[in-house]
Structures are given as structure tokens and as C-alpha cells.
1. Looking for whichever is surrounded by fewer than 21 Cβ atoms within 10 Å (Cβ to Cβ) and either among the hydroxyl-bearing types (S, T, Y) or modelled with pLDDT of 80 or more (or both) here; the options are S587, S601. Which one fits?
2. Can you tell me which residue in the range 286-317 is farthest from R352 (Cα to Cα), limited to those that are touching a Pro at 6+ places or on another chain (Cβ under 7 Å) and part of a loop (DSSP other than H, G, I, E, B)?
3. Among the residues of the range 617-641, count how many are part of a loop (DSSP other than H, G, I, E, B) and in contact (Cβ under 8 Å) with a residue 24 or more places away in the chain.
4. What is the number of the single condition among (1) buried (at least 19 other Cβ atoms within 10 Å of the Cβ); (2) at pLDDT below 85 that S704 does not meet?
5. Tell me, yes or no, whether the range 603-615 has at least one residue that is in a helix (DSSP H, G or I), in contact (Cβ under 8 Å) with a residue 12 or more places away in the chain and within 27 Å of the chain's Cα centre (by Cα).
6. Within the range 563-581, is there a residue that is on the phi < 0 side of the Ramachandran plot, in contact with a Phe, Trp or Tyr (Cβ under 9 Å, 6 or more places away or on another chain), surrounded by 24 or more Cβ atoms within 10 Å (Cβ to Cβ) and touching a residue at least 12 places away in the same chain (Cβ under 8 Å)?
7. Any idea which residue in the range 300-321 is surrounded by the most Cβ atoms within 10 Å (Cβ to Cβ), counting only those that are modelled with pLDDT of 90 or more and more than 17 Å from P243 (Cβ to Cβ)?
Amino acid sequence: MAVLNLQLQGFTPLPNKNNLTLDQAHEWHRIHSSFVPAFVYPDDDGHQQAYAINIGAQYIKAQIPEILQDEANRCESLTVGVLASIDGPMQNLFDGALKHLRPEEVPICLAFPTYETLFYHEADQRIHCVSKAGDVNTWNAHGMGNQSKYCRTRLPDKMLTFSLDAMGWFASSWAVYAGFIRSIRDPLSSKSPSDPESVLHEMVKTKTTIGYTPSSFLEAWANDPQSLELLKSLKVIFWGGGPLSAHTGQYLIGQGVRMTIMYGTTEVGNVSSLTDKTYLEGFEWFCLPPSLDPVFLPDPTEPNTFELVFKVTAEHHLAVINREIDGIPAYATNDLVERHPTNHRLYRIKGRADEQIILSTGEKNPHVKTSVIFGRGRTSNGVIVEPVSFDEAERLGLEKFKPFVYTAKGTPRRGAIINEYGEEIENLYRTVENYAQTDIPSPLELDQYGGWPFEATRNFVRAVVHSIMRNSLGMRDEDDLFAHGCDSLQATYIRNTILHALRRSITSSNVQSLPNNLVYQHPTVNALAEAVSQGSKPKASVGETDWNADRRKRLEKIITDYTRNWLKHHPGCVQGPYPEVIFLTGSTGGLGSQILAELISTDPIKRIYAFNRPSKKSLRQRHVEAFTNRGNDVSLLDSEKIIFVEGDTSAENLGVDIELFEQIRDSVTTIIHTAWRVDFNISLISYETAICGVRHLIDLALSSPHTTPPQLVFTSSIETLAWANVPPIKEAAFKNVDLITDTGYTESKWISEQILESSSLETSLKPIIVRVGQLSGGINGNWNTQEWFPALVKVSQTLKAVPATEGLVSFIPLHTAAKALVELRHSSCTFANLVHPRPITWNVVIGWVGERLKLPILPYSEWLRKLELLPRTSETLSHNPALHILDFYRAAMPTNETPDLENQEAMGIATYDSKNTVLNAPSMQPDRLPRLCRDDIY
């Protein structure tokens, strides 16, 4: 988790911090700071948090028999059920535990409520503070392995549980008492475990200024120059949860990262002073605030080492009491600290006085005399075991042990023992880090680049994954490994096995291009195979050989896979004409919502299925927001024509129940497919579900009982083609793969065009493929700020200049494009290019922008140089989407080799002919569509 150091307008400080408990403080802000977000995450609006606790409580209560809801019956009740998370690892653990129970003892298993269960509700069910003055309120936070001590402790009736661990409730207290906003991962889209890269990326997207993190993430970020720059831009980052290696800590401090250790425990809270500066004595030292009353008990096994104990004070209340000192209740942490030799105010953690934090070490085994845990500062722990007798050890085939060293009281001197075994420990860690399964045959054949072909790579990766993941039975190549129980150790083994095979079979492979978090970045067999296949190719050969040949084969194979076994259209007995019914996908998007507004206002249309994927917000709310953002009349959404539907085009029956599916199939006369993920940074593999969705919509149309199949209108993109010395692109199919832009987005659009064209030739379906150009602002001038032109304008304000270049601009207003698409639904043409038929020059448009923003115009090369020199800090990346598509602006650089630049589309975009579109869409004709003007740009 990260914390934003922001106090937005509307935050009202608490009237008396000392007299309000945490839940009462939240209640205060619910009333007095209701418009200040409690949490932020990418694409979050801060709503729907307030009543989820009530929904969760109702969900759980509904599963409990009434007899057990009675207080009198609850205390002596047996365990009859388990409330378990539905993730893969937890499900595997639960299934394994059941095998040890007799059939009559197997409890009921209830799936833990998901985010969708808690937040897919439109009713505003508000919760209210339940505590009153004098009430005892507690929280239950997860401590690192210490819950077994308190599992039989009866908790007070009023218990607040709002975070798994202490770090979470630290942030909650900062939020209500100091006005911080908590930044977290998106709870809906975050399917795989957090990894350093994804967490830092989301910190940037949420404009985080203060962060806190486990030390393991700092270790990873220190090895990445770009991550290091982002860390340096933070005001401070707090770290804890485990030790940080001396090398990493010193390196980060030397690079200018402001970092401070956060030390605390579940039982005593955070006890280190928080500061935005690192102590001169070193990054690992911390200071205890004066409000605490610590006691330092000397450790008999190590000099200048103390066990840290805290006594109760008026300002420091303890959650757990386990001893008494001088008649005062206290808590002994079992944490060992070292006092600084010169600055006695400072301490650092040295270890533990026991092994409680670790799982069973085997000390209860009759063959084990003593065991010592090691692994401080490492990513995993280990144990050294001293058998009861060395004769027994030899009989069992164990290694010879060096004698353990004990204190006078018979306690093992852990520090001395670990030092004695230092060499063996290092060798053991090297063995684990290099562990790889070597008995899995790697691909024998090589492609023309000297690397592994994709199909052979996929077979190998699949074998590796299934060999290492024991619970992968039934897992498909497109399934997320982590959803099937893959843990961090297995992810490491998978990566090591793949890299070992690469280094062994291809000495010149580009292995260094594969990241440490390979499995996290590519969490499916398909995605891993794609990354490994590319990484197997020698670095020099990738650019020197005909890479397009391999790419052409991959794209053509996908087309072949999705153009097999077409359905045959069988008309029903009911003859037309039929009431006009539209099935519209993506109606919450920019273009989709504008099309929906146009359809609602079109009289002949009787019904509209507004189809979208599930989200954390209700469909109604998402449509209201889309209409508001684009300046459309929200009351249109009250039309009786609309039926809101949530589903998935890539799923069987579109992911809806069979009754609704049959209703859609039997009534729809036109399908308009606009839903498509826009992300130029992901590969084609990630778009295969979208391509599958196109085939499913074709099948939906062909299964219609109408006399002729419904018309299928598909929105493609003019960005499919790269800038090429070719005439304007006609309103027809193009087959040259070499002209297709090398991104997953554009490749998926082109493949879908080919599939639809194939359906028009081989079936009775007559689709319409509309290549949509760059859309300008709609009715209210609102642009999509993530697209390349708004991003260019935004970053130009940072660069203090706008770029000049040659070429034309054929932007088309959003509302005009939506109207034209609706008009084209009855067209007989297969292809339409939806661009402005009367473009104007780039320099006229950029001149308007420069004039409005009072910015000078620079030659494109100079502007691009300024953009490339812009620092990659969290702030600049967050405020300037242009930095995320820098390659696009580089590719748009005009060259002297491009002829007739002034008559080409600007910015490296292909020029498109639109004569047939103008003929078939009245709104595109000259008497109704004026040239672009200032109002279309801003």
C-alpha cells in the first residue's frame, strides 16, 4: 500500500482527536468530509466503500443458522463451517485439509465474499458508528505468525476489523486524523499477487507522494534504474516487515532516496518515530518517541543486545499483556535490538529472541535436540537442526554437524551458530536460487532466427508449469497461473527452469531481456511462451532476419483458427419485417455511449441491448457517468427502449443465462460492436479473448431465426496501418501484414477485419467494418485524454512549446462519428473509412492550440528532443500520458524520404479514402459536415 500526502478541499479536521475512537472518527468524516475520498486506486471514483461492510455482514449472517445467532448458544458451538477465500492456494489448502477428516466431520465451506459481492449494489445502505462513550473497542489484526497465542481469547463484543495487518490500520488512522488519502491496488482487476513493478506502476498512476512497502520490494526496485528514479521523486518511503540488506540500503540512500524504517508490532502498534529524513547513522536505525516507556532486557547470548519490552502508559495502550514489570502491565516483544554505540537514542533490529515467527522447526520431534532459524535479510528462511545424537544423524544419512554453542543456561547462541555455518548457508541459498528442473526436454528445433519457435516453446513452458505446479490439473494455456495456486517460490522455479534450458541450448540467446518477475508479467502459459520465444532469439538476429515472416505466420494461424466451421444460417418460419432491435457492445465507452444516445433518439428503433463487461460499478452508474462526461442528456437513460446487460462476448452464450441469450438471438436485427480494450503496451495474446468475442458475435448473427442474419457493424481503427508510401487506403480489405502496426491492439483489429471479411464470403452474413479515425471532442468538447492528440497537448504545456510538422488532420467530432455509424447500419458496403472528408493542415490546428495556450511552435525534431529529455518521475509520468506512448511520437518524425508530405495524414498515420462512407452516411456530406474549426479542438 502507498499513502498520498494530500489534504483535499473539503477535509474537516476532527474537533478533539483524543476523545474520538477510530470508528467514531470515521463517522465524523462521513458527515463532515463526505466528498473527500478515503481510498484511491486506478480508475476509482471513491464511491461504494461506505456501505460494503453492511453488505458483507448481511452476506455472512445469511449463512448462519438462527440458533447460532443467539448469544447463549454461540459460546459452546462446534465449528460447522469454514469461510474460505476462493483463490487457488486457499482452495487447495482447504481441499487438502478435508482429506484428513472423517466424512461425518467435514464442515460446510462458504466462499468468502468477493469484491463484486460487496460492491455490486446500487442501494445506498449507509453504516453508522456503533460505539458510545465508555465502550471498549478493539481490532483484530494479523501478526506475523502470532495468532495461535490468542486464538482462544474471547474478543469484546464490539470489534473493528478493517485491515489484515498493522500497516493497514496505521494508514487508516493517518487518514482520519491527518487527512491522508490511502492509495491501494484496484481490488477488482488485481488478480495476480502484488509484485514490485505493478505496485510502483500503480503508485505512479495514483500520484502517490508518500509510500510504505516491505523491504523485499525495495530490494527489487534498487536493481531497476527507472524504478529508482520514481523512488527518488517520493517525499519519503517507509519500509518494514523484514530486514533490508546493507548493500541495498546504502545504495538507495546514496542515490538520494528518502527512506525511513517503520517498526512496530500488532500488539503494541507502531513504535518508531516517523520522519522524512534518514538518520546520519544509517538507514536501519530508528528512534523511540518520548510517549513510550520501553524496557531493555539484556540478551544473555549476545553483547549490546536487548529484548524490547513496553510498559503501559497514559498515552500508549497495549493490545496484549504478557508480563508485568515494576507492577506495571507490559508486553515483551521478543524482538532483539542493538543500541547505537554513540547515539544512544537510536536502535536497530537485530533478530528475535525466539522462533515464534517461523512455522514448526521440528523441535518437538524426538530425534531433534535443537534447531536454529536463519534467513534474516533473505527472501526465504531456513533451519539448522541438531539431532539428539550424531550416531542417529549418521544412520539417517544426514551431514555432519558442527557442535552447537550454548550459554550457561543451556540456551543456543544463535548468532554464533549462524556465523559458524555461514559458508553452508550461503551454498544452500545459491542452490535454491539456481534450482531448476533439468529433466524436461527443451525445444530441439530452431526457427530462422536461431531461437525457439512459438509452438515448441509453448509445449515446453506448459510441461514446466505442470511439473512444478502440482495442482494445475485442468488448467488451460490461457488461464492465470496465480488463480490456480502458483506461489512466489513456484514462480521462481518456473523462471529458473526456463532460463536454465535457454542457456543450455542456445548460447547466444537474448536471456537478459527476460525480467526477474517474468512469471508475474506473463502469468499464463501462452504469455510466457510468447516472451520466452522472443527472448530465445539472439539479440543481433532479431533485427537482421525476416522477422515479418514469423509474425505473418502467427497472425494467419489465428485467422485460420477463427474462420473454421462456420454456422449455417437457418431462417425461422416467421417472416419480416421485424421490429428494429439493436445489440450494442461497449455502451459505456466514449464512442459507445454517444452511439447509445443516438440510438435512443432514433424513432424506428424499438429496443436496445446495452451490453458491457461486469465492473465494480453498476451499469446504470457507468452510463450516467459516460453521458455526463460527453455532455449528453442523462434523462435519455430512462428510455424504455434500453435493456442493460452485463456479460462477456468471449464466453459461451455471451456469459448470460440461456433465457436472456435466446431472447437476444431471436429479436436482434443489428449488432454494433464497439467494445475493445485500448492499450498499446500489451501483446496480441492479451487480445485473443476480444478476437474470440468477434467470432461469437458472428455465430450469434448466424443463429438468428430471421429471414436474413442481423447486420453486424464492427468498429475498427485507422491506426491499424503504419505510415507507408502508399496511396490513400481504399474502403476495401488489405492483406499486406507488413503494413500493420506492430502492436497487439492494431494486430487484433486487423485480424478481426479478416475474420469478418471471411464470414461475408463464406456465409450469408453481410458485416460492415468501419475504420474509425481520430475523434475530437464531442458535444461539450470533452476529449479522451489518454489518446495521442490530447496527450500531446497536455505534455506541450510542460515542455512550454507545441510541435510543427507537415501533413493533414482529418479528425472527426465524436457526435458526428456516432451518428454516421448509426446511419451506416443499413449500408450495403463491407468497408467504410470514417474520417473527415475535408481535412485541414496540421499547422493550422497546432497554431490554434499554441495561440490558446500561449505557447511557441517548435520544429518537430526539437519538440521531440525536449519530450525525450523530460525526467521520468512519478509526477511527470502521472501528469503526462504522452510519456507512455513515446514510441508513437518517435515514429511520427517526418523524414525526407517520404514524398508529398503536405498531402499525407500527419503524425505517421495512413491516409484513408472515404467516398463510399460519405455516400452512405448523410451526416458526412459537405452540406451537413463543415470543416474542422477551433470549437472542435478546444
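1. None of the other options fit; the residue is S601.
2. V312
3. 7
4. Answer for S704: the failing condition is (2).
5. no
6. Checked the range 563-581: no residue is on the phi < 0 side of the Ramachandran plot, in contact with a Phe, Trp or Tyr (Cβ under 9 Å, 6 or more places away or on another chain), surrounded by 24 or more Cβ atoms within 10 Å (Cβ to Cβ) and touching a residue at least 12 places away in the same chain (Cβ under 8 Å).
7. Selected residue: F310.
The rows are residues; the columns are (1) surrounded by fewer than 16 Cβ atoms within 10 Å (Cβ to Cβ); (2) touching a Gly at 6+ places or on another chain (Cβ under 6 Å); (3) more than 17 Å from F789 (Cα to Cα).
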{"site": "A832", "(1), (2), (3)": "no, no, yes"}
{"site": "R838", "(1), (2), (3)": "yes, no, yes"}
{"site": "W848", "(1), (2), (3)": "no, no, no"}
{"site": "E851", "(1), (2), (3)": "yes, no, no"}
{"site": "K854", "(1), (2), (3)": "yes, no, yes"}
{"site": "A892", "(1), (2), (3)": "no, yes, no"}
{"site": "T895", "(1), (2), (3)": "yes, no, yes"}
{"site": "T917", "(1), (2), (3)": "no, no, yes"}
{"site": "S923", "(1), (2), (3)": "no, no, yes"}
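The values are calculated or read from the model by the stated rules, or taken from the named source; none is laboratory data. Quantities reported herein were computed from a predicted structural model and do not represent experimental measurements. Every residue, glycine among them, receives a Cβ derived from its backbone with ideal geometry; neighbour counts consider all protein chains shown.
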